[in-house]
Each structure stands twice: as structure tokens, then as C-alpha cells.
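Report on the following structure.
The values are calculated or read from the model by the stated rules, or taken from the named source; none is laboratory data. Given the structure is predicted, the values throughout are model-derived calculations rather than measurements. Here the Cβ positions follow ideal geometry from the backbone for every residue, glycine too, while neighbour counts run over all protein chains shown. Side chains are part of the model used for accessible areas, which takes the heavy atoms of the whole protein and leaves out ligands, DNA and RNA. Shrake-Rupley method; radii C 1.70, N 1.55, O 1.52, S 1.80 Å.
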Amino acid sequence: MLTLRSSPPSPFGRKVKIAASVLGLSDQISVLTADTNDADDSLRLQNPLGKIPVLVLQNGQTIYDSRVIVEYLDTLSNTSVFPSGDARFTALRGQALADGIMDAALVQVYEHRFRDAERRDAAWISYQAEKVTRGLSYLENGILSLEKQVMIDDIALACALGYLDLRFDGVWRQTHPKLVAWLDAFSDTVPIYQQTAI
């Protein structure tokens, strides 16, 4: 049995859980909550960066981060969340964009969580927020479709939007109707999306 170290709010952990489900591997993975703030949590031995998610293999070796974990899981499945040929790079680029949106959103959350109000850097928070805004605008103006098999860029985007719902009260929905419709379609197509919501 593989073990996934993560926490329920983590969008990157959610990405791995959804990919595992799409790949038909959920029953081969147990999920063990990790506390990134706890110096005594074995997480820091499993990933020296102390970041989640981490996949612990049966032999005790570990794989991180989410991109590498999904690539590994893909090798265990008879299906794939990575298209072949040139389409692979389009999907990887889409994953990178969605991951970047998640990273920028997380930085904003951490700035509020770990700094006292008088020490917060408004310019830094705005800089990160602009990354999210640009990314969402690019995606809103692009062509989004779920008429194909669910791929890694779809999974990553759904997790990014879900994280914005969780931490930023879904404000993005007011100005991105195409993304709202896309996420509704994804949620209907991939039941694990709702099952991993908190």
C-alpha cells in the first residue's frame, strides 16, 4: 500500500487524490494527515523541505512534489492523465499555470497566517494576487472543454479553482463565468472532486 502524506485543505494533495482516482489507483493509496508546522512530524524526514504532498512507497522511499507524484502514479496505471505527442506539452503547460495560481494563492494565505497585521507586506500580497488575476483571465479567454478524457491540466485547474473557493470565498466566480461553467462540468464528470472538498 502506498501512503500519501497531505492535509485536507492542500490543493496539491487534492490534485494527487483526484489524479489517483482518475487513474483507478485510489484503492492502492492510504492518506495520512501531515502537519507541516510540527517539527516532530515524520514529514520532514520524508521530504527535507517539509512540504506536502509526499508519497511514501512500500519500500519506504518517498516521492515529492505533486507533479512528480502524479507522473509516478501514471506509470502504475493502464490509463494516463498525460496525453502523447505535442498535446503533452500543452497539458504540462496548463498544469504549470494552474500550479502557479495555487502557489500565488498560498503565498497570500501564508502572509496573513504567519505575519502579524503590522508586518504584512501589502505590495507583496498584491503582486501575488495579480498573478492569480492574470492566470484566471488567460484561462477565461481561452478554450476550455471537457469533451476529451480528463488530463493533468484539467485536474490541476479544478484544484486551483477549488482552493480559491476555499480560501478566497469564491470571489473569482463573479468575473469568470466560463471558468464557473467549466468547473461545474468537471465536478459532474469527476465525482472525487466533490468528495475531496472541505
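Hey, does segment 147-164 have a residue that's surrounded by 11 or more Cβ atoms within 10 Å (Cβ to Cβ), assigned to a helix (DSSP H, G or I) and out of contact with any helix residue (DSSP H, G or I) (no Cβ under 9 Å at 6 or more places or on another chain)? No: segment 147-164 contains no residue that is surrounded by 11 or more Cβ atoms within 10 Å (Cβ to Cβ), assigned to a helix (DSSP H, G or I) and out of contact with any helix residue (DSSP H, G or I) (no Cβ under 9 Å at 6 or more places or on another chain). Among the criteria (1) in a helix (DSSP H, G or I); (2) open to solvent by less than 10 Å² (accessible area, probe 1.4 Å), the one V81 does not fulfil is (1).
Each row is one residue, and each column tells you yes or no for (1) over 16 Å from W172 (Cβ atoms); (2) in a helix (DSSP H, G or I); (3) modelled with pLDDT of 95 or more; (4) open to solvent by 20 Å² or more (accessible area, probe 1.4 Å).
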| site | (1), (2), (3), (4) |
| --- | --- |
| T90 | yes, yes, no, yes |
| R93 | yes, yes, yes, yes |
| I101 | no, yes, yes, no |
| G135 | no, yes, yes, no |
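Residues to consider are L45, L49; find the one that is of a type in the set (A, V, I, L, M, F, W, C), part of a helix (DSSP H, G or I) and without any contact (Cβ under 8 Å) to a residue 60 or more places away in the chain. The match here is L45. The number of residues in segment 103-116 being at pLDDT below 95 and either open to solvent by less than 80 Å² (accessible area, probe 1.4 Å) or polar (S, T, N, Q) (or both) comes to 1.
Residue check: is L97 within 28 Å of S137 (Cα to Cα), part of a helix (DSSP H, G or I) and not polar (S, T, N, Q)? Yes, satisfied. Counting just the residues of segment 52-68 that are assigned to a loop (DSSP other than H, G, I, E, B) and within 23 Å of F82 (Cβ to Cβ), which one comes out most open to solvent (accessible area, probe 1.4 Å)? Among residues in segment 52-68 that are assigned to a loop (DSSP other than H, G, I, E, B) and within 23 Å of F82 (Cβ to Cβ), the one most open to solvent (accessible area, probe 1.4 Å) is Q61.
With touching a helix residue (DSSP H, G or I) at 6+ places or on another chain (Cβ under 9 Å), aliphatic (A, V, I, L, M), at pLDDT 95 or above and over 20 Å from V107 (Cα atoms) as the only criterion, which of L2, L32 stands out? So that I can check it myself, show each step before the final result.
Working: L32 fails: touching a helix residue (DSSP H, G or I) at 6+ places or on another chain (Cβ under 9 Å).
Checking each option against the conditions leaves just L2.
Listed conditions (1) open to solvent by 30 Å² or more (accessible area, probe 1.4 Å); (2) modelled with pLDDT of 95 or more are all met by R119, apart from (2).
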